[in-house]
Each structure stands twice: as C-alpha cells, then as structure tokens.
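The values are calculated or read from the model by the stated rules, or taken from the named source; none is laboratory data. Here the structure is a predicted model, which is why all the values come from computation and not from measurement. Here Cβ is always computed from backbone atoms with ideal geometry, including for glycine, and neighbour counts include all displayed protein chains. Accessible surface is based on the protein model in full, side chains and every heavy atom, while ligands, DNA and RNA are left aside. Shrake-Rupley method; radii C 1.70, N 1.55, O 1.52, S 1.80 Å.
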Amino acid sequence: MALQAATSFLPSALSARKEGAVKESAFLGVRLADGGVKLETSSLGMRTKRTSTSVAIRAQAAAVSSPSVTSSSPSGKKTLRKGTAIITGASSGLGLATAKALAETGKWHVIMACRDFLKASRAAKAAGMDKGSYTIVHLDLASLDSVRQFVKNVRQLEMPVDVVVCNAAVYQPTAKEPSYTADGFEMSVGVNHLGHFLLARELLEDLKASDYPSKRLIIVGSITGNTNTLAGNVPPKANLGDLRGLAGGLNGVGSSVMIDGGEFDGAKAYKDSKVCNMLTMQEFHRRFHEETGITFASLYPGCIATTGLFREHIPLFRLLFPPFQKYITKGYVSEDEAGKRLAQVVSDPSLTKSGVYWSWNKNSASFENQLSEEASDVEKAKKLWDISEKLVGFP
Ligand code: NDP
Ligand code: PMR
C-alpha cells in the first residue's frame, strides 16, 4: 500500500517502464509485479620486499609503534594519542568520505583497507588527505586468504587498532548469474558479510589489546535490509529464511546461492547481506561487549545516491536515482555529510552505546533506530554466527 502510494507519483513515462518484464528496463530496477605487500614502511624504519603479488602495503604515515594512550604537554595537560581506525572500502564513497573526515580532525590515523591500491592512493590524494594521516593496506574481501593476510600485515605495522569499520560492499542488481568469491561464496554475501565476518572476528583480538578509551567495531547496515521501512519494502525484500542456502555453503553446487535457498537475485543478495551485517553487530555486542568494553554499532548513513555502489545498475537508474532521492523521498545525503555521520559513530563521545543501529533525522541529528523483526532476531543472529564461523574456517 505504502509502496504503491509512494510510486504512484512517478512520471508516467517511468511507470510505463516499471511494467516491463525485463529487470534492466524497469525504472529504478523495480519490478512491482514481484509483489513484492610489497612492504614499504619507511616511517617504521623497515623496508621488506615480499614476492607476494596480491599484498601491497605502503605506510605513508609517521605512525608511532605502540604509543601510550596519553602524553603530557609542556603545560602538564594530558593529551590523548591519535586513534587508529581501519576502514574497509575507503577508496570511494562513504569509506573515503569517512577517512577524510577523520583524518581532517588530526586526531585519527586511517588504515585504508582497499582492494585497489592505486585507486585508493589517487582517491586519498584527490580528497586532499594529508600524506601522514593514512596508510593503505591491501584487502580483498572476496578472498578469505586476503583477509587473513591483511590481518597479518596490519599487525606488522605495529600500530594500535582502536576502531574497525566494516564498510566495503558490492551491489549487483543487474547480474543475471551469480558470481563467486575465491572461496566459492556468492559474491554479495561473500564480500559484504562473510569477508567482514572473518575480518571482524580476527581483529577483535587487536581491539581487545588496544588501550584506547573508546574502542569500536562498526558494521555499516542499511535501511533497505529493514522491512519495517518503506525502502525495505521495495521488492525484492530481504529475507534470510531458515538460512539453508548459507548453511549449504552458498555455492550453487550443493546448495542455493541465496541465503534463504531461493533463486539468485543480486538485489536481494545485497539486502540479505545487510541484514547479516546488522545481525552480526548485535551478536558481537551480546558476546563481547560486557567482557571487552568494545562498542559495537551499525548505522544507516542516509541515501548516498551518487556513490559507486550503483555502478552496475543501468544508466537510467543512475541518472534518476539521485533526483528521486533528493526531491521525492528526501532521503538523499551527500558523500561528505554521510562521511561525517560515520565519523561520528567512530569518534563522537556521545555515541558510545553498544548494540545500536544509528540513523539521522532531517536536522542531521543522530538517533537510535529500530531494526526490523528479522534484523533483530536473536535466534537468527546466533544461527548466522555459527554458520558463518564454519564457512570462514573456525572450528
Ligand atoms: P562505493 O561503491 O562507493 O564503496 C564501496 C567500497 O567497497 C569501494 O571502496 C570498493 O572498492 C569496496 N569494495 C568492493 N568490493 C570489495 C572487495 N572485494 N574487497 C575490498 N573492498 C571492496 O559504495 P558506498 O560508499 O555507497 O558503500 C559503502 C557502504 O555504505 C556499504 O556498506 C553500503 O552497503 C553502505 N550503504 C550505502 C548507501 C548508499 O546509498 N550508497 C546506503 C546505505 C548503506 P573499489 O573502490 O576498489 O571498487
Ligand atoms: Mg529506495 C523513504 C523512502 C526511501 C528511501 C529512504 C530509500 C533509500 N528508498 C526509498 C523509497 C523507494 N525506493 C521507493 C518508493 C522506490 C520505488 C520506486 C525505491 C526504489 C529503489 C530502488 C530500485 N530504491 C533503491 C533501489 C536500489 O536499487 C537501491 C537499493 O536497494 O540498493 C540496494 C535503493 C535504495 N533506496 C534507498 C537506499 C538507501 C537505497 C540504496 C542502497 C542501500 O541500501 O545501500
């Protein structure tokens, strides 16, 4: 109902396209009928050459090895040391804007965890980030080996790990056939959820070891995974079902490539992966917050309609989506504004509550938002955790 109402004011030319059976020709991609390292760390005084082709670390930073958390200024005032935040997918969009916002404060050193070193390097330069404020470390979330290697490489940097932001994502709404990660998982869930799940599980030890006063693990969620919203009711809707496809390995051989066991749908796979992100954050909170004091959080930063997330969508979608979000849903935010929001979740002293899914109102004030029934299902979160552990190689 609500969806029909919201779509009825679309121009007729566009609604005509909506009726097209072919997914690619539908406005905003919706079928309404659906119902639905070379290690070069000069600052650390080390210069090691690896033969591995996939690993590239370059530390531009004057990072301090295991610094103490405060230092005294000549006036005797204690100053907090720089925090170190790892951000996955910091080569564009939200990740880059957040890296920039944090770096600009002078209080953060950002480890940009990216699959394309050159792109990340150019992006940081183009964003005007100070050379000493970031380190790029190679991470391809579509490979569990790469995730493990990334963790090793970060440890070699001997920088503290104070905040981890799981931000990277792929969205494949027009894919007709599934694609797979190096480990044979359907790509969207493989990258957005399983790669991050392993990363977060591994880096938990590093977060525990940090002496920073407010340690945080943030997993970026989204409104489109929450079926208690209008946006979350745009078909195809997120639904993990009983997780039978995931339990079967999500590989399309012995099991379905979709978590719920259904037919491949790239848009649904993305939304399902966002549900996994939000469930994982809460399960981390339940398992580790009390023991470690780490803040676990998720967020919906607003609709950043101009990012690379929509690169695989049809040109018509990419043309119309930003004005649609700006003038019709009014859910649009710029990359800069969204970056500031995520930077708040990283560092704002008032956002230390754990287990929260943050959103922002029209005045750009943060508030604790309600997750959908599925995205807050405790039993599902536990089941997801157990299956995900097996898939990424925990005994
Ligand atoms: P972008 O496409 O701009 O950024 C995604 C980033 O993820 C890129 O840096 C990309 O790297 C990286 N990435 C993709 N695949 C991998 C991989 N295999 N290994 C490592 N990095 C990878 O999209 P956004 O900035 O919009 O998305 C960022 C986050 O925000 C996502 O979690 C998304 O779900 C979330 N979000 C976005 C919204 C929006 O409206 N845009 C709304 C709500 C949530 P590369 O540059 O090399 O391609
Ligand atoms: Mg949505 C208040 C309404 C609202 C908001 C905030 C979003 C956000 N969207 C809203 C409404 C609608 N969208 C309506 C009424 C429609 C039908 C015309 C619609 C369609 C739509 C499409 C086809 N919207 C989309 C798509 C995408 O391909 C995007 C997506 O689902 O990516 C997974 C998307 C989004 N809408 C949003 C946001 C934030 C997205 C982007 C992605 C994300 O969750 O990361």
Filter the range 362-373 for residues that are part of a loop (DSSP other than H, G, I, E, B) and modelled with pLDDT of 95 or more; the one that is least open to solvent (accessible area, probe 1.4 Å) is S372
Looking across the range 206-242 at residues that are within 20 Å of K383 (Cβ to Cβ) and among the charged types (D, E, K, R), the single one that is farthest from ligand 1 (Cβ to nearest atom) is D242
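Please enumerate the residues belonging to the range 314-337 that are over 20 Å from N369 (Cβ atoms), in a loop (DSSP other than H, G, I, E, B) and in contact with a helix residue (DSSP H, G or I) (Cβ under 6 Å, 6 or more places away or on another chain).
Scanning the range 314-337 gives a single hit, I314.
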Considering every residue within the range 233-243, establish whether at least one is buried (at least 24 other Cβ atoms within 10 Å of the Cβ), part of a helix (DSSP H, G or I) and touching a helix residue (DSSP H, G or I) at 6+ places or on another chain (Cβ under 8 Å).
no
Residues of the range 102-119 being open to solvent by 20 Å² or more (accessible area, probe 1.4 Å) and touching an Asp or Glu at 6+ places or on another chain (Cβ under 8 Å), in sequence order, are R115
Subset of the range 128-150, residues within 14 Å of ligand 1 (Cβ to nearest atom), surrounded by fewer than 24 Cβ atoms within 10 Å (Cβ to Cβ) and part of a helix (DSSP H, G or I), comes to L144, D145, S146, R148, Q149
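Looking at A305, A297, A267, can you tell me which residue is within 11 Å of ligand 1 (Cβ to nearest atom) and either under 19 Å from the mean Cα position of the chain (by Cα) or buried (at least 24 other Cβ atoms within 10 Å of the Cβ) (or both)?
A305
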Would the range 211-219 turn up any residue that is open to solvent by 30 Å² or more (accessible area, probe 1.4 Å) and either within 16 Å of ligand 2 (Cβ to nearest atom) or in contact with a Phe, Trp or Tyr (Cβ under 8 Å, 6 or more places away or on another chain) (or both)?
no
Check: Out of curiosity, is F197 within 16 Å of ligand 2 (Cβ to nearest atom) and either touching a Phe, Trp or Tyr at 6+ places or on another chain (Cβ under 9 Å) or in a loop (DSSP other than H, G, I, E, B) (or both)?
Finding: no
Checked against (1) open to solvent by 20 Å² or more (accessible area, probe 1.4 Å); (2) in contact with a Cys (Cβ under 6 Å, 6 or more places away or on another chain), K125 satisfies every condition except (2)
Among residues of the range 308-317 being open to solvent by 40 Å² or more (accessible area, probe 1.4 Å) and more than 21 Å from the chain's Cα centre (by Cα), the residue nearest to ligand 2 (Cβ to nearest atom) is L316
